[in-house]
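Please treat every number below as a calculation from the coordinates, not as lab data. Worth saying up front: this structure is predicted, and the values here are computed from it rather than measured. Cβ atoms come from the backbone with ideal geometry, glycine included; neighbour counts cover every protein chain shown.
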Ligand code: AHR
């Protein structure tokens, strides 16, 4: 009988403690809503925070670094317990991150890396390997084009880690194929509207001289598909298309024969991000890069894989 009483006390004690602990507040500075990949990421982080009873102070920077910096300063003023930052570009963060550190607020980077002289300014980065993604896109294309042909490139937001690294990875592989050349390259800002407009300009300048398109994300590839169709050509046949993200819409385009390959970049990082910020708030030291493993999906895999796509 005595033993039973002790057991009940031990098992209820942590619950009582938890009930008394105040909920943590975490600020989340998001880039904006430039495409549905980013919406999926935002929703994933919101859901994971709600599940763990964390209050999320959300700030949409509408595509501007200055708004992200303002949001971080306002999080400091609010004395939040932690900060999650999806940085639009790689540079220009050092002064504000020093302020964050001075306020002793742990900060976790999500989906894009930054360049700082002192890596202790952030707890960890949770993101894919963008160089790998770019090089996988190039390997797939080189095989498909038998090592020769002309390519146009739709780049991401200038200065953003995925734009810089995907280009780098792609070009590193291309060095092995001297008969493959990028004949036009311009930013489409990671969105469908700009992707379409820039592809229209590429088509006007080069017409049927274009053999392939490398788009730094699916949203721009989907815009470009529209431009190619409106120019009276067949996307996926007249112009081979490889892009990055692995969105459900990209799988639908592959099934329709309009896109040839997508390299995955998973936006569903909520659980990992919330886990990391909780550990950082508890004073744990984390590894500097919690890397995501991504797959390559040529169109032949689309029918069997589409049912498993969650974004
Ligand atoms: O940082 C990840 C990239 O940002 C995704 O590829 C893209 O769709 C998003 O805008």
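Here is how the numbers come out for the structure above:
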quantity	calculated
The chain, helix-only ellipticity at 222 nm - DSSP H runs n ≥ 4, -39,500 (n - 2.57), divided by all residues, nearest 500	-14000 deg cm²/dmol
Alpha carbon convex hull of the stretch 213-285, projected area averaged over orientations, nm²	5.7 nm²
Sorted by Cβ neighbour density within 10 Å, fewest at the top, the residues 59, 304, 44, 243	304, 59, 44, 243
Cα long-axis angle, helix 270-281 against the chain (0 to 90 degrees, to the nearest 10)	40 degrees
Convex hull projection area averaged over all views, the stretch 164-311, Cα basis, nm²	10.4 nm²
Cβ crowding within 10 Å averaged over residues, with 104-112, 46-54, 173-181 ranked highest first	104-112, 46-54, 173-181
Angstrom value of the Kirkwood radius, inverse mean 1/r, which spans all Cα pairs in the stretch 99-227	15.9 Å
Where only C-alpha atoms are counted, convex hull volume of the chain per residue in Å³	149 Å³
Fewest-first sequence of 279, 38 by Cβ atoms within 10 Å of each Cβ	279, 38
Over the stretch 33-110 - Rg/Rh using Cα atoms and the Kirkwood inverse-distance radius	0.95
Mean-position separation - Cα centroids, the stretch 31-62 and the stretch 209-288, in angstrom	19 Å
